[in-house]
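Scroll down for the structure; my scribbles are underneath it.
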Amino acid sequence: MKLFISADIEGVSGVATNVQLTKEPEYQRFRKLMTQEVNAAIEGAFEGGATEVVVADGHGNMSNILIEDLDERARLISGSNRVMCQLEGLDSSFDGIFFVGHHGREGGSERSIINHSLAGICVSEVKVNGVVCGETEINARVAGQFGVPSLLITGDDAYVAEVKETLPNVEAAIVKRGIDRFAAELLAPKRAHALIREKARIAVERAKEFEPLVIEGPITFEVEFKGTSQALMTTTIPVVEMVGPKKIRFTCPDMVTAYKLFWGCVIIAMTATNGVLSHANA
Ligand SMILES: [Zn+2]
């Protein structure tokens, strides 16, 4: 049983506010907690019958997980120049995917900790074929095209409720209760790890009961950005059209192709936020 883990940090127990993830020395504490939660998921997965685990670090610069502390049975995808973003390395050879430490979408529950959709600096809303999606809902559809079912989500209670609208049967470990975007009631890490480990084991044991989330093409993405220039600069890609001052739309034949283009648009939008050549040397 081959398992893929998409790891993020905002949904890790212990994380209640942005400053913990951006300021030193706090960030060093929280990347350690992220690594420990991922390890708890790996342990549970092997207990449940997994034989191979690949982890993709999916937060910020995508180099948060401490490789020296990673469970030695797993391999880690680290570094941010990835065509497949949070799902780099995923293919049809996998039997399931976990989303560990993930978070609610921008514009979703007001109680989900550090809610955002892929890039808080630029993305307001994402719709896939008319359905508003957060990161997990998008990634689950991409995994679906590879025939890979979503088995486990971990994060705050509001995030879990949000994702369950799309994946009602997914196993879930709720490691904190959201109060506000920057406030939470937290489980102690040891308790959170025990819970994740147990749910991960059950998720792998149940893997054959889950269906991949497959949506037939063509796939249309509508993306609302926070600023007008973020939207406009994505139209340098020919198939991307403006449908509002901050809103773009494009259609691709399938979900994987559309996901890559969406990520490309987000990369452009992030760079356009302060002027694409504002840091140029020439
Ligand atoms: Zn993140």
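The values are calculated or read from the model by the stated rules, or taken from the named source; none is laboratory data. Note that this is a predicted model, so its numbers are computed, not measured. Quick reminder, even Gly has a Cβ in these numbers, built from the backbone with ideal geometry, and neighbours come from all protein chains shown. The protein model used for the area step is the full one, side chains on, heavy atoms only, and it has no ligands, DNA or RNA in it. Shrake-Rupley method; radii C 1.70, N 1.55, O 1.52, S 1.80 Å.
One table, with the values for the structure above:
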quantity	calculated
Residue among 58, 11, 49 that is at positive phi and at pLDDT 95 or above	49
Total residues in segment 75-93, condition outside any loop (DSSP other than H, G, I, E, B) and either within 15 Å of residue 256 (Cβ to Cβ) or outside the structural domain of residue 142 (by TED's automatic domain parsing) (or both)	3
Condition check for residue 147: out of contact with any helix residue (DSSP H, G or I) (no Cβ under 6 Å at 6 or more places or on another chain), part of a loop (DSSP other than H, G, I, E, B), not assigned by TED's automatic domain parsing to the domain that holds residue 258 and not hydroxyl-bearing (Ser, Thr, Tyr)	yes
Answer residue from segment 77-122, given it is in contact with a helix residue (DSSP H, G or I) (Cβ under 7 Å, 6 or more places away or on another chain), polar (S, T, N, Q) and open to solvent by less than 20 Å² (accessible area, probe 1.4 Å) and is farthest from the ligand (Cβ to nearest atom) among those	112
Hits in segment 181-198 - residues which are surrounded by fewer than 17 Cβ atoms within 10 Å (Cβ to Cβ) and over 19 Å from residue 46 (Cβ atoms)	182, 183, 185, 188, 190, 191
Total residues in segment 129-139, condition open to solvent by less than 10 Å² (accessible area, probe 1.4 Å), touching a strand residue (DSSP E or B) at 6+ places or on another chain (Cβ under 6 Å) and outside any helix (DSSP H, G or I)	1
Residues that are more than 24 Å from residue 141 (Cβ to Cβ), open to solvent by 50 Å² or more (accessible area, probe 1.4 Å) and not in a helix (DSSP H, G or I), drawn from segment 217-237	236
In segment 48-71, residue farthest from the ligand (Cβ to nearest atom) [restricted to those that are open to solvent by 50 Å² or more (accessible area, probe 1.4 Å) and either in a helix (DSSP H, G or I) or among the aliphatic types (A, V, I, L, M) (or both)]	68
From the options 45, 74, 16, 40, residue that is closer than 16 Å to residue 189 by Cβ, surrounded by 17 or more Cβ atoms within 10 Å (Cβ to Cβ) and more than 16 Å from the ligand (Cβ to nearest atom)	40
Pick from segment 245-282, criterion among the polar types (S, T, N, Q) and outside any loop (DSSP other than H, G, I, E, B), ranking: farthest from the chain's Cα centre (by Cα)	251
